[in-house]
Amino acid sequence: MQKWLEKIRQAMGKQPMFWRWLGILLIFFGLVIIWRAQMPISSPTDYENYGELNILPSGEEMDLTPVDLSGIDLTSKNGNWIVIPKMGVDSAIFEGGEEMLNQGVWHLPRTSTPDQGGNTVLSAHRWLYKPPDPRTFWNIDKIEVGDEVYVKWQDKEYTYRVISTEVVTPDRVDILRPTKEPILTFFSCTPLYSTSHRLVVKAELVE
């Protein structure tokens, strides 16, 4: 027993040095945690935080100007397609589950189609690849009343003209409701890098 107590005393004699170093380490890690907490999680130019957006070579600046699609010929497109020159959108329209958003513009199930009239509803990611990618609605905030949208559906071409834009909350499912008149509704998240709201664009059929 006496030898055992002696070992405890020896260990206790070394304890102050141990606790001193432990305290220094705890202070160091505490400062690191505080520093990290004060750093911004993301910013509009912090693309490395957004998965596939991190594809630019180091030092390369991003050109966010919409691609000029004024000369696009829909007759050369295969399948259902949408072109929105003002937004730089030039994408196939995909049908199926929500996972189709990773492919391009998605036609929401149980909404109408251009050949049936009513309310055709489309959606796309605001960002997913290097912006502005023609498969996303990166530039949806640039769209204005009067801008034209071109859709090819079942080998027939349709031209729509934007009549309104509106920012709504995600629970506004009324934007999916059927309409008597032929309307094209498309939307995406807003503001950029946020899912708090949706920017909804409505366009009427002109031909």
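A short reminder: the numbers here are calculations on the coordinates, not readings from a lab. Bear in mind the structure is a predicted one, so any value in this text is a computation, not a measurement. Neighbour counts are summed over all protein chains in view; Cβ atoms, including those assigned to glycine, are modelled from backbone coordinates with ideal geometry.
Which listed residue (N119, C189, I163) has the Cα farthest towards the positive end of the charge dipole for region 119-207, taking +1 on Lys and Arg C-beta and -1 on Asp and Glu C-beta about the Cα centre?
Result: C189.
Return a whole-number percent for the relative contact order of region 120-207, with Cα pairs under 8 Å and 6 or more residues apart as the contact set.
33
Through the Karplus equation 6.51 cos²θ - 1.76 cosθ + 1.60, θ set to phi - 60°, convert the phi angles of region 190-205 into ³J(HN,Hα) values in whole Hz; use x for Gly and Pro.
Once rounded to whole Hz, the list reads 8, x, 4, 6, 9, 10, 6, 9, 10, 9, 10, 10, 10, 9, 9, 6.
Could you derive backbone 3J(HN,Hα) for region 138-144 from the dihedral phi with the Karplus parameters 6.51, -1.76 and 1.60 (θ = phi - 60°), listing whole Hz in sequence and x where the residue is Gly or Pro?
3, 9, 4, 6, 8, 5, 9
How big is the dipole moment of region 56-205 about its Cα centre under a simple scheme where the beta carbon of each Lys and Arg is +1, that of each Asp and Glu is -1, and everything else is neutral? Debye, nearest 20, please.
It works out to roughly 380 debye.
Tell me, what HN-Hα J-couplings in whole Hz come from the Karplus equation 6.51 cos²θ - 1.76 cosθ + 1.60 at θ = phi - 60° for each residue of region 90-95, using x for Gly and Pro?
8, 9, 5, 9, 9, 10
Cut-off 20 Å, label point 7 angstrom out along Cα-to-Cβ of D155: give me the residues of region 111-135 whose amide nitrogen falls inside.
113-117
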